[in-house]
Amino acid sequence: MITLMRRLLQTALIAAALSTAACADFKITTPDQMVEVSKTKNTAADYVAMTHHGVVMRAQTFEVGESRGADAPPASLEFWEQAVMERMRTRGGYALLEKSDIEAASGEKGLRFEFGRDQNGAPYRYTVALFATDKRIHLIEAGGRQDRYDEATEAIDQALESYVIKR
């Protein structure tokens, strides 16, 4: 029994270490109205949180570089702005509702986009925050059905305001 408990504890510690390492490029504070689920689910994003109504927020980074293994080519924030808008319009069917400047808690400048679309007769809202550094592209997304999104707006804003880009 003690051996089993020791193995479970070791597994939990390893999982915690791996989840912390996955988010090593940024820090984000999960608002009280959300619960972080990225530690319990296998996801491509570094961070995933959601409200009890199913509004989801996720954050991930992409390494910048010219080598074969890099995720994203080096480019300006303006380049990534156009890439996000094009992808949301052509692949997601979203309309741009608003674009504004945003600042990470660590001081980096970025952009915030608000998109909307109708899906199965219901309006949906989708927010994208984008930061481009010399080393990484930071992408934070939040979305859900409009009425549920409206209830989560304060929590989404709190999470975005807490976002710290680590160097």
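None of the figures in this text is laboratory data; all of them are computed from the coordinates on show. Since the structure is predicted, the reported quantities are computational estimates derived from the model, not experimental observations. Glycine also receives a Cβ, built like all others from the backbone with ideal geometry; neighbour counts cover every protein chain displayed.
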> In whole Hz, what ³J(HN,Hα) sequence does segment 90-106 give by Karplus (6.51, -1.76, 1.60; θ = phi - 60°), x for Gly and Pro?
Replying inline: 7, 9, x, x, 8, 9, 6, 9, 6, 10, 8, 6, 9, 10, 5, 4, 8
>> Using the Cα centre of segment 55-153 as the reference point, and only Cβ charges (+1 on K/R, -1 on D/E), how large is the resulting charge dipole? Debye, rounded to the nearest 20.
In response: 320 debye
> Which pairs in the list Lys99/Lys135; Lys27/Lys135; Lys39/Lys135; Lys109/Lys135 are over 18 Å apart, alpha-carbon to alpha-carbon?
Replying inline: Lys99/Lys135; Lys39/Lys135
> What shape does segment 117-161 have by the C-alpha gyration tensor, where a ≥ b ≥ c are the square roots of the eigenvalues, rounded means a/c under 1.5, and otherwise prolate means a/b greater than b/c and oblate the rest?
Replying inline: oblate
> HN-Hα J couplings of segment 111-126 from phi, Karplus 6.51/-1.76/1.60, θ = phi - 60°, integer Hz, Gly and Pro as x?
Replying inline: 10, 10, 10, 10, 10, x, 6, 9, 9, 6, x, 10, x, 10, 10, 9
>> Can you sort Ile102, Ile28, Ile156 from fewest to most other Cβ atoms within 10 Å of each residue's own Cβ?
In response: Ile102, Ile28, Ile156
> With a sphere of radius 11 Å drawn around the Cβ of Asp25, what net charge do the other residues whose Cβ falls strictly inside it have (Lys, Arg +1; Asp, Glu -1)?
Replying inline: +3
> Roughly how many nanometres apart are two label points built 7 Å out from the Cα toward the Cβ at Glu151 and Lys27?
Replying inline: 3.1 nm
